[in-house]
Amino acid sequence: MSSIDFLQPQTVSTGLGLSLDNGMRRQDAEIDRFMKIQVEELAMKADTWQQRAKYNKNMINTLKYNLQQVYAQGKDSEVDDTASWCNGRGIDFHLLCKGTNGAMMCKVCRVNEVCILLLPCKHLCLCKECESKLSMCPLCQCSKYIGMERAGVQ
């Protein structure tokens with residue numbers, strides 16, 4: 001075989017190789033473009049999740065702080081609990097109960113029977129109607145966290 005015979009098939013295969021190389025390069029470029037888009041999307045999603053995690057962490061810290069404040073305000077001794085229930089005047093409470101057949105009147109309207117226990121101060125001093133209108137306890141001026149209806153009240 002002569003050296004010319006070896007060159008001819010090589011030229012043909014080189015031509016095929018070039019077209020295959022071009023096709024492979026196009027596919028590689030397309031894959032690279034697709035991968036860049038995927039990386040950008042994943043980076044945006046990661047950023048979104050990081051922001052959400054920061055927000056949730058801040059929310060948790062805020063709730064912990066609020067809970068600590070409520071706990072600190074509501075941290076009373078048994079004497080303070082009794083004072084809250086009786087408004088600090090045990091004798092007056094007993095007289096009030098005897099004078100109204102055991103019913104305590106709302107400290108705001110003085111018409112309806114009390115049925116709402118305010119937290120964190122633990123004062124039982126409001127009726128349903130007045131509780132919805134107030135954000136503070138009328139006895140101690142403590143900020144009302146929640147009002148709970150006393151069980152057994154109609």
Review point. Where residues in segment 141-154 are under 15 Å from GLN69 (Cβ atoms) and among the hydrophobic types (A, V, I, L, M, F, W, C), which of them is modelled with the highest pLDDT?
Key: CYS142
Exercise for review: Could you look through segment 112-154, keep only residues that are of a type in the set (Val, Ile, Thr) and in contact with a strand residue (DSSP E or B) (Cβ under 7 Å, 6 or more places away or on another chain), and pick out the one that is surrounded by the fewest Cβ atoms within 10 Å (Cβ to Cβ)?
Suggested key: ILE146
Practice item. Need at least 2 residues that are modelled with pLDDT under 50 and in contact with a helix residue (DSSP H, G or I) (Cβ under 8 Å, 6 or more places away or on another chain) per element, so show me which helices (runs of 4 or more DSSP H) inside segment 64-138 make the cut, counting only ones lying wholly within it. Key: 78-86, 90-99
Practice item. Would you check if ALA46 is farther than 17 Å from CYS140 by Cα, modelled with pLDDT of 85 or more and not charged (D, E, K, R)? Key: yes
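The values are calculated or read from the model by the stated rules, or taken from the named source; none is laboratory data. Computed from a predicted model, the values in this text were never measured in an experiment. All Cβ positions, glycine included, derive from the backbone under ideal geometry; neighbour counts span all protein chains shown.
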